[in-house]
Amino acid sequence: MKKYLLALFCLIGTLTAAAGETVGVSMPSKVLPRWTHDGENLKAALEKDGFKVRLLFGVNNNVSNQVNDVENMIDAGCRVLVIAPIDGLAFTEVLRKAEAHNPPIPVIAYDRMIMNTAAVAYYASFDSTQVGAMQAQFIKEKLDLDNAAGPFNLEIFTGDAGDPNVELLFNGAMSVLKPYLDAGKLRILSGQREREQCYTKGWLSEAAQARLEGLISSVGYGRSEKLDAVLCQNDTVANGVTDALLAGGYHAANFPLITGQDCDTLSVVNMRHGLQAMSVFKDTRALAAQVALAVKALVAGETPVSATTYNNGQKTVPAQWCDAVPVTPDKIDAVLVKSGYYQPADVAGDAKQ
Ligand code: BGC
């Protein structure tokens, strides 16, 4: 009985702490499916804890719109801000207002770090360096780089220049691939080996498609040269690469190995049809739950759980990573469907051909 009463008091305590408080949540885009899931999962988790939620999404990759949204949230007196920035470098100025607010408004960096500001109280994400290494490790194993004669031809497609995760993903991938590139076992025939040469504006499929179509014609992939693998940092980029290959006459049987990240439904369907070789599952439910806990702790004046730290150029921020899991076609059911993340019908579609 005592136990139940205690639980009841705790619940009432939490609800009172949260009652009437508004959490501002700013997600970067609705174009990429994962951010819609992230926003909705987080909103539901926070509402369950008694918070009100102001959830906004960026539009057309427009950085100043997102900065304005955040400024409005500060002016409206949001108690905590949760931000996944389009551009990690663009919030230094506006977040001075959050720090100057009375009481100061704590900021949580969601999935992407917010650089150069001491306003960030907490960072919850996945280990992007590890995700990049998983993508590269897959290519290394599938091409059997340690044993096969090669050389093999690779192209690299990174994400948007403003996203701090891009560098982490790139460095993680290079920690695996660099020795093979240096030894000539892996070649990048476009010559575009630096991160800056491989960006995909806004992480958009169309941008990735246009770049690969250019390379197919300039390098001669599919005619004079074989393309063995395309390291794509996420699924929207992978989808653009897949479209360029299909338009260029490729089909499942001669497809290069394409990596991805997020396990978007389109990519899962492509995996089932041999049009993408792997993706990395990052459970947005786990991230939302982690961030909801952090919001509650910050509102209660407590320190959120953090197993690590991350320096954003201004402050060493307490940080927590959720688990990322590589997914290949044979793992789709076990990882994505049995966990309830997707219904079988969500990932049962026909592939584009
Ligand atoms: C996220 C990825 C996502 C990409 C594009 C990155 O910051 O970590 O999960 O695919 O942004 O939205």
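Assorted remarks:
- Boolean, Asp350 is open to solvent by 70 Å² or more (accessible area, probe 1.4 Å), charged (D, E, K, R), under 26 Å from Ala208 (Cα atoms) and part of a loop (DSSP other than H, G, I, E, B): yes
- Checking each residue in region 121-170 for being open to solvent by 30 Å² or more (accessible area, probe 1.4 Å) and of a type in the set (Phe, Trp, Tyr) picks out only Phe152.
- Taken together, Glu47, Glu93 contain a single residue that is under 25 Å from the mean Cα position of the chain (by Cα), modelled with pLDDT of 95 or more, surrounded by fewer than 12 Cβ atoms within 10 Å (Cβ to Cβ) and not assigned by TED's automatic domain parsing to the domain that holds Gly260, which is Glu93.
- Counted residues, region 96-116 - those being open to solvent by less than 10 Å² (accessible area, probe 1.4 Å) and either of a type in the set (Asp, Glu) or under 15 Å from Leu42 (Cβ atoms) (or both): 5
Each row is one residue, and each column tells you yes or no for (1) closer than 23 Å to Gly202 by Cβ; (2) out of contact with any Gly (no Cβ under 9 Å at 6 or more places or on another chain).
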site: Arg34; (1), (2): yes, yes
site: His37; (1), (2): yes, yes
site: Glu40; (1), (2): yes, yes
site: Leu46; (1), (2): no, yes
site: Gly50; (1), (2): no, no
site: Gly58; (1), (2): yes, yes
site: Ser64; (1), (2): yes, yes
site: Arg79; (1), (2): no, no
site: Phe91; (1), (2): yes, yes
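- Checking each residue in region 237-256 for being farther than 18 Å from Val325 by Cα and either among the aliphatic types (A, V, I, L, M) or in contact with a Ser or Thr (Cβ under 6 Å, 6 or more places away or on another chain) (or both) picks out Val237, Asn239, Gly240, Val241, Ala244, Leu245, Leu246, Ala247, Ala252, Ala253.
- Test: residue in region 250-270 that is touching a residue at least 60 places away in the same chain (Cβ under 8 Å) and aromatic (Phe, Trp, Tyr): no
- Positions within region 77-89 being touching a Ser or Thr at 6+ places or on another chain (Cβ under 8 Å), at pLDDT 95 or above, in a loop (DSSP other than H, G, I, E, B) and over 16 Å from Asn60 (Cα atoms), in sequence order: Cys78, Arg79
- Applying the condition of being among the basic types (Lys, Arg) and within 14 Å of the ligand (Cβ to nearest atom) to region 19-60 and asking which residue is farthest from Thr236 (Cα to Cα) yields Lys30.
- Residues satisfying the stated conditions in region 138-170, i.e. part of a strand (DSSP E or B) and away from the ligand (no atom under 16 Å from the Cβ): Phe152, Asn153, Leu154, Glu155
- Asn65 vs. criteria surrounded by fewer than 18 Cβ atoms within 10 Å (Cβ to Cβ), more than 13 Å from the ligand (Cβ to nearest atom) and modelled with pLDDT of 95 or more: yes
The values are calculated or read from the model by the stated rules, or taken from the named source; none is laboratory data. It should be emphasised that the depicted structure is a prediction, and the values quoted were computed from it without experimental measurement. Glycine gets a Cβ as well: all are built from the backbone with ideal geometry, and neighbour counts include every protein chain shown. Accessible surface areas use protein heavy atoms only, side chains included; no ligands, DNA or RNA. Shrake-Rupley method; radii C 1.70, N 1.55, O 1.52, S 1.80 Å.
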